[in-house]
Each structure stands twice: as structure tokens, then as C-alpha cells.
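Contents: one structure, followed by commentary.
The values are calculated or read from the model by the stated rules, or taken from the named source; none is laboratory data. Everything numeric here is computed off the predicted structure, so don't read it as measured data. Cβ placement follows ideal geometry from the backbone for every residue including glycine, while neighbour counts extend to all protein chains displayed. Surface accessibility is based on the protein's heavy atoms, side chains included, excluding ligands, DNA and RNA. Shrake-Rupley method; radii C 1.70, N 1.55, O 1.52, S 1.80 Å.
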Amino acid sequence: MSENSNAKISFNDLELTKEIQKAINDLGFEAPTNIQAQAIPLVRSGADVIGKSQTGTGKTMAFAIPAIEMINSCNDKSHVLAIIMLPTRELAMQCCGEIKKLTKYCEGIRPVEVYGGAPMDRQIKALKRANIVIGTPGRIMDHMRRRTLKLDHVKLAVLDEADEMLSMGFKEDMETILRETPDTRQTVLFSATMPAAIMSITEEFQTDPQIIEINSKKVTLDNIRQTYVDVPMGRKTDALKLLLYYYAPSLSIVFCNTKKMAEEVAVSLNQSGLDAEALHGDLKQSQRTAVMDKFRYGSTSILVATDVAARGIDVNDVEYVFNYDIPQNNEYYVHRIGRTGRIGKEGNSVTICSGRRQVLSLLDIAHSVKSKIEQIDVPSGDDINYHIAEKNIETVENALKEPISDRYREMVNMLLSKGFSLFDIAATAMQMNFSEKEIKIKDIKTERKQYSRNGNTDFSKIMLNIGRANRVAPNHIVASITERSMLHGRDIGKIEIYDDCSVVAVPTASVEIVIDQMYGAKVCGKPVRTVLYEEPQKNRSKKHDKNYSRRNDYGKRKNDSKKKAAKNAYRKAAKRHG
């Protein structure tokens, strides 16, 4: 079944129970998403279902509503009737929270979440009354071994984010859990991708499954404006701060590739007066929960996260996603930017690149997921202040529409009587009320470059004070230049390595930028100084050229010694012949 097979419908068309319909009305939902419109009738019918859909498409309601209806129809609600498996603690908590909202007006529905890192005794106590269990496979297995969770009455088993659970090593746990449930149970599986291991699970545990396939790229990316900036190496953090100052999103997520980088970026943002929290795998469960609660309820506006930690993020009002590091693959890119623009809302993503290599890597990703991505400029300090001024003016305009107290009018009259102008009084009041924090970041000058796979033939030369004596090789020099500048290895021309220096050809258009960005660089562990190379004049002899090789110097000294020996021999011969 494809996503285009259903016309636009409302929740009323799904003929939900009065209690669930009332809860959905309270949540403000009017129309189901594609996955909900197709999955709810199928799961309700009792059929096994495979749903191929990206996160953020509303899958939880797609299986939660039929599960609630099924339990409502049972006379005996004292057993666990539905088991829902998810890959992370955060997703288990969020799924349980949504089910509780949907069962607001239902009686006898008792959902319980179980996951690692939480007190076992509390979960054991809660499980005694549960009839829906939502949890991670590992903790579900723990309770099964302790005999605090029995699955012999389960009527519905759901595997959500099955490919993620597979990648986290839960395959055997998932299979063991399913084998402990009755053969007559209904099995519903949702996954963004369908690798061979997932297909083997469906073949063993599902019977004639009905397939729903949602175009995940279209659902996740169409309503997201995708942009990127190209900044010099070493200025990524400054660029991120300027973007955050300018756009001032109420909620945003910054993605980093490593735990260390996530921590460093969060610390740097906080030092600049921006409210940020880091989320990564090294945090304890209590810390992760606290960070997510702060972000979910708006007390923290910026979440700096790694890809693994972000698997559990399910917040619908994220305005911006910033890729501080280039995603490691296409799926990570889709997963990251899918945190914004959720449930039909518009979203924004900005990827921060440094140099041609990273830009081309990003463009390759965008091409593979069939997305359009445009380059934008990093806002300057003036841009930010002007943007803030516009907001302040709007605030004052709205205030002027409200009644003004006579007390403040009298204060203005008192200042006028002292000789101050009305203009200066107003400007001073504005300054006192809107004294902005000074942005202590230098502007970042960026160039709009049309990167391609073809090299640039117009070269100039730079010289590095490192050579064969330091065991330097061309690949060492190329790596250092491409790491710190906007150049790709293909852009770099001829490299000449001498004993104590190296001469490198780089595109003329980039030579000044390369010299500037190579300041403080190291090659083979040795600090190097990079300067513009001056070609020796044609009328200068090689002995006046400071950059000739010692091989030529050796040849010159050898010739000089031969000449000196010849002269000495001539003098001795002249004396003998008197």
C-alpha cells in the first residue's frame, strides 16, 4: 500500500471510540498523517502489518490507538495484553506519555514503561497492574528473567524503530521476546529501512503481513528549508553562534559527530550567553532525563546532541537543526533534519561546512536523498543588531497601542522642563530597555564558490619552512592545507620539497586565504610558517637564490674545490719550472 492510496481524511472518518476521539480533540489534532490513516484500520482489523516510515511521521498513534481499542474490548484487563518494543529509553518514555494522553478518558488502561538506568523495584511494582508494557528489549528481557513480566496473554506485539534496535544489537532479544508471546498474537513492525535481518524477523513472526510504505524522504524533507554555510576551518563555532544570535530559535538542536565535540560546543555556547545543554551517551539516565525535560519544556533552548543520543528526541516544535559536523551518511542526515518540520510544520536546517571537501560531501548527500540545498551567508554583527532592532521596534509599536499611565507622562514632562529634547528622552528610554549583549565575535567573511570536481589552472606559490630534513612528504602538506582551508586535494598543484622548505602551488584566487588559515598550523608535528613564494629573478644567479636545493649547493662546492685544486697544481708546476 503506498502513501498516495488514501485521500485526505479526518480522525472522525476513522470512527474512533468517543473517549479516544475526545482525547485527540484535546491534543489539537484534526487530520491523521499518512501512516496513521493507513495503519489504524489495518491494525484494528487484526492483520499483521509492516510499516516502512521515517521517524517523525506519527507512528506512535498509528499503533497506540488500535492497542487501546483492543484492550478496551477485553473483559479481563488484568494481564499484559500489548507489548511495545523501542530502541531507547527516551522513546519508551515518550511513547508511554502519548498513550497516557490518548487514554485520558478511558478506564482500565494501565501503560507502564520499562528501561535500563531506572530503579528496578519501582518498575516491578508498576508491572503488577500493567496491561500495556512499553520498553527497551534489554530491560524487558531483565523482567522476563526475574519473572516479573509474563507475556502469555499478549494479543498485540509492536516493534517500533526496528532497524535501530537491530543496529544496537537487540536482534536476539527481540526474537526471544516474540517467542515468549502466544503464536496467535498480532505483530506490527515499523522500520525506516528493511535490511535482511528485519526481513528474517517478519518471515518468522508475521503471517501474511500487510505492507504500508511511506516515502520517508518526502514526508521528512519537503517542508524543511535546507541550507548550508561555508566558513574557514576553525570558525565553525563562531559561525554557529552568529546563526543562533540571528535566527534566535525558541528550540533548536545542534548535531555533532562525537561526544567530546558536543560537550565542547555546549560549553562554548554557554560562555557566550546562549542557553545550551549537551546530550550524549556518557550521561547517566537521570542526567539525560533532566536535559530532555529542560529542552522539551523550553527552559533550555539549544540541545547539542550526538546521533546516537538523538534517537530518542521526539519534540514537535524544533524550529532549527544545525549540523555542526557533516553527517556520516545519508540516513543520519535525514534523521537529523527530520527533528524539525514535524507533523506538517515548516522547519529549517543549516549545515556548517569548512572547505570544498565538506561542501561536496554535503551536496552528494543532498543529491542522494533528492533534496535541494542552498548556500547562505553567515550573518554579520550588523545584520544581527539590525534584526534585534526590528524586533525591539515591533515591541515598542505594540506597547504604544496600549494606554500609557499618567505617571510616566508626568515623568516625560519633568525631563522636558529640564531642557532635554523629546528625541533624546525616547532614545535613552530605548537604550535602557533594549541594551543588547555585545556580540564578541568577529564577522566571518565567506565567499560564494561554485565548487566542482575540476581543478583550477591559475596557480600561485606558497612556501612552508619545512622540508626533507623533517621527513615531510607531499601527502602531509596536502592534508594540512585541506584541513585548515577551503581547498580540496585536487585543487593543489605541484609540490616541490627541498631540505629545509617546501614550495606548493595553490589557486591564485585562494592564496591569501590559505596563507591566513595556515597560521599556527603544524606539519608532521612541527609548527610551520607559510608565506607567499617569490620567484627568483631571471638575471639572478643561483648562488643568490635562497631557495635552491642543497644538492645544487653540493655541486657548486664540488666544482669550486676542483677549481681550487687545479689552481694549486698549476702554481706548483710553475714553481718547479721556475
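Of all the listed residues (T17, T55), the sole one being modelled with pLDDT of 90 or more and of a type in the set (V, I, T) is T17. Among the conditions (1) over 33 Å from the mean Cα position of the chain (by Cα); (2) in a loop (DSSP other than H, G, I, E, B), G116 misses just one, which is (1).
Any residue in the range 375-384 that is out of contact with any Pro (no Cβ under 8 Å at 6 or more places or on another chain) and over 30 Å from M430 (Cα atoms)?
Filtering the range 375-384 down to residues out of contact with any Pro (no Cβ under 8 Å at 6 or more places or on another chain) leaves 375-384.
Those still in the list that are over 30 Å from M430 (Cα atoms) too: 375-376.
Checking the range 375-384: at least one residue is out of contact with any Pro (no Cβ under 8 Å at 6 or more places or on another chain) and over 30 Å from M430 (Cα atoms).
For the range 243-278, give me each residue that is open to solvent by less than 20 Å² (accessible area, probe 1.4 Å), touching a helix residue (DSSP H, G or I) at 6+ places or on another chain (Cβ under 9 Å) and not aromatic (F, W, Y). Walk me through how you get there before you give the answer.
Taking the range 243-278 first, the residues open to solvent by less than 20 Å² (accessible area, probe 1.4 Å) are 243-244, 249, 251-256, 262, 265-266, 269, 276, 278.
Still in the list and also touching a helix residue (DSSP H, G or I) at 6+ places or on another chain (Cβ under 9 Å): 244, 251-256, 262, 265, 269, 276, 278.
If the condition is that a residue be open to solvent by less than 20 Å² (accessible area, probe 1.4 Å), touching a helix residue (DSSP H, G or I) at 6+ places or on another chain (Cβ under 9 Å) and not aromatic (F, W, Y), then L244, L251, S252, I253, V254, C256, A262, V265, L269, A276, A278 are the ones that fit.
With respect to the conditions (1) under 29 Å from the mean Cα position of the chain (by Cα); (2) hydrophobic (A, V, I, L, M, F, W, C); (3) part of a helix (DSSP H, G or I), M144 lacks only one, and its number is (1). Please indicate, with yes or no, whether at least one residue in the range 230-241 is over 23 Å from L159 (Cα atoms) and touching an Asp or Glu at 6+ places or on another chain (Cβ under 6 Å). No, because not a single residue in the range 230-241 is over 23 Å from L159 (Cα atoms) and touching an Asp or Glu at 6+ places or on another chain (Cβ under 6 Å).
Considering only residues that are in a helix (DSSP H, G or I) and in contact (Cβ under 8 Å) with a residue 60 or more places away in the chain, which ones fall in the range 19-33? Lay out the reasoning, then the answer.
First, the residues of the range 19-33 that are in a helix (DSSP H, G or I): 19-27.
Across the range 19-33, the qualifying residues are E19, I20, K22, A23, I24, D26, L27.
Annotation: of all residues in the range 351-380 being within 18 Å of L242 (Cβ to Cβ), of a type outside the set (S, T, Y) and touching a helix residue (DSSP H, G or I) at 6+ places or on another chain (Cβ under 6 Å), the one that is surrounded by the fewest Cβ atoms within 10 Å (Cβ to Cβ) is P379.
Looking only at residues in the range 279-302 that are modelled with pLDDT under 95 and within 20 Å of I326 (Cα to Cα), the one that is surrounded by the most Cβ atoms within 10 Å (Cβ to Cβ) is L279. Please indicate, with yes or no, whether at least one residue in the range 317-338 is touching a residue at least 60 places away in the same chain (Cβ under 8 Å), more than 30 Å from D160 (Cα to Cα) and of a type outside the set (V, I, T). No; the residues of the range 317-338 include none that is touching a residue at least 60 places away in the same chain (Cβ under 8 Å), more than 30 Å from D160 (Cα to Cα) and of a type outside the set (V, I, T).
Annotation note: Cβ proximity below 9 Å between a residue of the range 138-149 that is without any contact (Cβ under 8 Å) to a residue 40 or more places away in the chain and of a type in the set (D, E) and a residue that is assigned to a helix (DSSP H, G or I) and surrounded by fewer than 19 Cβ atoms within 10 Å (Cβ to Cβ) (sequence gap 6+ or interchain) occurs for D142/M120.
So which of S502, S510, S549 ends up being surrounded by 10 or more Cβ atoms within 10 Å (Cβ to Cβ) and either modelled with pLDDT of 80 or more or aliphatic (A, V, I, L, M) (or both)?
Details: S510 fails: either modelled with pLDDT of 80 or more or aliphatic (A, V, I, L, M) (or both); S549 fails: either modelled with pLDDT of 80 or more or aliphatic (A, V, I, L, M) (or both).
Testing whether each residue is surrounded by 10 or more Cβ atoms within 10 Å (Cβ to Cβ) and either modelled with pLDDT of 80 or more or aliphatic (A, V, I, L, M) (or both) leaves just S502.
Do the conditions hold for K418, that is, is it basic (K, R) and at pLDDT 85 or above?
Details: basic (K, R): yes; at pLDDT 85 or above: yes.
Here the answer is yes, as K418 does meet what is asked.
Taking the stated definitions as given, is V350 in contact with a Ser or Thr (Cβ under 7 Å, 6 or more places away or on another chain) and not in a loop (DSSP other than H, G, I, E, B)? Taking the combined requirement at face value, the residue satisfies it. Number of residues in the range 113-130 that are open to solvent by 20 Å² or more (accessible area, probe 1.4 Å) and touching a strand residue (DSSP E or B) at 6+ places or on another chain (Cβ under 7 Å) equals 3. Selection of the range 73-112 for residues being open to solvent by 50 Å² or more (accessible area, probe 1.4 Å) and within 36 Å of the chain's Cα centre (by Cα) yields R89, M93, E98, K100, K101, K104, R110.
Each row is one residue, and each column tells you yes or no for (1) over 19 Å from the mean Cα position of the chain (by Cα); (2) acidic (D, E); (3) surrounded by fewer than 21 Cβ atoms within 10 Å (Cβ to Cβ).
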{"site": "M174", "(1), (2), (3)": "yes, no, no"}
{"site": "R185", "(1), (2), (3)": "yes, no, yes"}
{"site": "M194", "(1), (2), (3)": "yes, no, yes"}
{"site": "E204", "(1), (2), (3)": "yes, yes, yes"}
{"site": "L221", "(1), (2), (3)": "no, no, no"}
{"site": "R225", "(1), (2), (3)": "no, no, yes"}
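Could we say that V265 is among the β-branched types (V, I, T) and at pLDDT 90 or above here? The answer is yes for V265.
Among the residues making up the range 381-406, a single one is surrounded by 10 or more Cβ atoms within 10 Å (Cβ to Cβ) and assigned to a loop (DSSP other than H, G, I, E, B): I404. Counting only strands (runs of 3 or more DSSP E) wholly contained in the range 186-291, the ones carrying 2 or more residues that are among the β-branched types (V, I, T) and more than 25 Å from L303 (Cα to Cα) occupy 186-191, 210-213.
For the range 140-168, the set of residues classified as closer than 18 Å to A196 by Cβ and either open to solvent by 80 Å² or more (accessible area, probe 1.4 Å) or not hydrophobic (A, V, I, L, M, F, W, C) (or both) consists of E161, D163, E164, S167, listed by residue number.
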